[in-house]
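What follows is a set of notes on a single structure, which appears directly below.
The values are calculated or read from the model by the stated rules, or taken from the named source; none is laboratory data. All figures in this text were calculated on a predicted structure; none of them were measured in a lab. Don't worry about glycine lacking a Cβ; one is built from the backbone with ideal geometry, like all the others, and counts go over all protein chains shown.
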């Protein structure tokens, strides 16, 4: 296994956050590397946002902000 900066970041999250978002986040990243249909990608992102919402209070603020930006982007709200 190659340890990347992303892995280090995930490993540094509170356990509950890492366990909740880890798999959906990996799947969404895989979808970006191996393009699939827009419908499937959106489904993966919605799942990530759903599980992220459950643990958002325990996320570091920068990660919580990124999830909020992603949520807004999925709704078509311009994100700066």
Discussion item. Can you report the number of residues in region 31-55 which are surrounded by 17 or more Cβ atoms within 10 Å (Cβ to Cβ) and farther than 18 Å from residue 19 by Cβ?
Written reply: 2
Discussion item. Can you say whether residue 21 is surrounded by 11 or more Cβ atoms within 10 Å (Cβ to Cβ), within 10 Å of the chain's Cα centre (by Cα), at pLDDT 90 or above and in a helix (DSSP H, G or I), as far as the supplied structure shows?
Written reply: yes
